[in-house]
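Take a look at the structure below.
The values are calculated or read from the model by the stated rules, or taken from the named source; none is laboratory data. In this text, all values refer to a predicted model and were calculated from it rather than measured experimentally. Cβ: placed from backbone, ideal geometry, glycine included. Neighbour counts: every protein chain shown.
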Amino acid sequence: MGTRTASIVALVLALLIHVSCGSPPPPQTTWVQPDDQKLEWLNVAEWEPTDGAYRPVRVPKQWRDQFPEQTANQALAPADVVLRIATNAQKISMRISVPPPDRPEGGQQQGQGQQGNPQGSPPRPQIPRATAFDVYKNGQYLRTVEPSSAPGVQEVAVYDDPSGASVELAVLFPYSGSFLVHGVGITGGSAYGPPPHKGPRVLFHGDSITQGVGTAQARGNYVWVTCEQLRCEPINLGFAGSAWGDKPVAEYIASRNDFNAVVLAFGTNSYRRASETPAQFSTTYETFVSTIRKTHPQTPILCITPLWRAADTTGEKNQTGYTHQQYRDAVSRAVKKLQASDPNLYLLDGKELVPQELYAADEIHPTDDGAAIMAAAVAEALKPHLPGMQ
């Protein structure tokens, strides 16, 4: 064998040795079903099998069947649905698919209202639509992951850290759209399980503002921001385009036993729908609160009157001739009447909570900055009444 040939053979052997002794192959991913008992999900009442996957729903079907159609549809939107997991995995992924756009979306189209801006004011931002996942690591915001809008199953990597350090992760779903979860991927051989609870739980019920419409990111919703400030866990029962004080919704809330406080923020859609006079709506509101009270006699309930909307400035009346302020007053009357015998019922005036310049183009939904201001006020009102925070 010549010297040159021997050199080539030696080089080839060296390359083969280098490849065989190089970096180990990446660890395999173990895929588990979303209802795996070692995963914790917040704000998921049931996993409904759908198209070969699972849909996280905020209200079980037997209750949705009793709700108005609009409310039932919005209960499918994943507002404040959260995957929580304690793990030392290097990578966490989700396989998801996005249903066709004709499925319920929980979008801003439900918030019809005045368009435009007060004279001389800067242009208002258009209403955004949160479609991304917000990821938290050890309680701190880490990143935002935007899935593809293309049809079909896709794999979304929500966490990737080669160190394999032990962490607590939270993956917050967007408030709009609808996602099917086909599985959760975890680095093979990794330990994982539900993390400890993060303090008391607060159940929020309201309309599209509570669901999150108007904010650009899921983590901008006042519900989420309130609980970040209080270090509590939110249960979001915000239903865009509805929240009319329907008794089956109150009965569903009353049937649950997994919360330490309730926040009610509805009334503006009752003004818009105009199916009840303010006097009738006041009775409806009183019945709603009283229904919850039957099974939760001591639970703190914070009632927020409807936020400002353009109709408050223009004095516009609804189809039956009543103003938005009259529906706000109806909430106040109902709450004050009940407060005479209920020391755990509280009232917060919503009209002045958010500066008017911090509303989106429809002049109904607060922007992210507006939602943050609202959250601070709600947190201040709630804090004295939550266990361990006095």
Hey, Gln33 under 30 Å from Arg273 (Cα atoms) and either modelled with pLDDT of 95 or more or touching a Cys at 6+ places or on another chain (Cβ under 9 Å) (or both) or not
no
Condition set touching a strand residue (DSSP E or B) at 6+ places or on another chain (Cβ under 6 Å) and closer than 26 Å to Leu382 by Cα, scope the range 308-348, selection surrounded by the most Cβ atoms within 10 Å (Cβ to Cβ): answer is Val335
Please give the number of the condition Val171 fails out of (1) in contact (Cβ under 8 Å) with a residue 60 or more places away in the chain; (2) closer than 14 Å to Val82 by Cα; (3) touching a Ser or Thr at 6+ places or on another chain (Cβ under 8 Å).
(3)
Conditions: (1) part of a loop (DSSP other than H, G, I, E, B); (2) more than 22 Å from Gln211 (Cβ to Cβ). Asp329 meets all but one. Number of the miss?
(1)
So if I check each of Ala265, Ala279, which one is under 14 Å from Arg328 (Cβ atoms) and surrounded by fewer than 16 Cβ atoms within 10 Å (Cβ to Cβ)?
Ala279
Is it fair to say Asp80 is acidic (Asp, Glu), at positive phi and either modelled with pLDDT of 85 or more or in contact with a strand residue (DSSP E or B) (Cβ under 6 Å, 6 or more places away or on another chain) (or both)?
yes
Among (1) at pLDDT 95 or above; (2) crowded, with 23+ Cβ neighbours inside 10 Å; (3) of a type in the set (Val, Ile, Thr); (4) within 30 Å of Leu353 (Cα to Cα), which single condition is Val225 missing?
(2)
Considering only residues that are in a loop (DSSP other than H, G, I, E, B) and buried (at least 20 other Cβ atoms within 10 Å of the Cβ), which ones fall in the range 165-194?
Phe173, Pro174, Tyr175, Ser176, Gly177, Ser178, Phe179
Checking Thr295, Thr305 in turn, the sole residue that is buried (at least 21 other Cβ atoms within 10 Å of the Cβ), over 20 Å from the mean Cα position of the chain (by Cα) and of a type in the set (S, T, N, Q) turns out to be Thr305
Would the range 107-129 turn up any residue that is more than 14 Å from Pro174 (Cβ to Cβ) and modelled with pLDDT of 85 or more?
no
Among the residues of the range 369-376, are any assigned to a helix (DSSP H, G or I), at pLDDT 95 or above, acidic (Asp, Glu) and at negative phi?
yes
I'd like to check something: does the range 237-246 contain any residue that is buried (at least 24 other Cβ atoms within 10 Å of the Cβ) and over 18 Å from the mean Cα position of the chain (by Cα)?
yes
Determine whether Asp258 is under 22 Å from the mean Cα position of the chain (by Cα), farther than 21 Å from Pro56 by Cα and of a type in the set (Asp, Glu).
no
Elements of type strands (runs of 3 or more DSSP E) in the range 195-304, at least 1 residues being closer than 23 Å to Lys137 by Cβ
201-206, 233-238
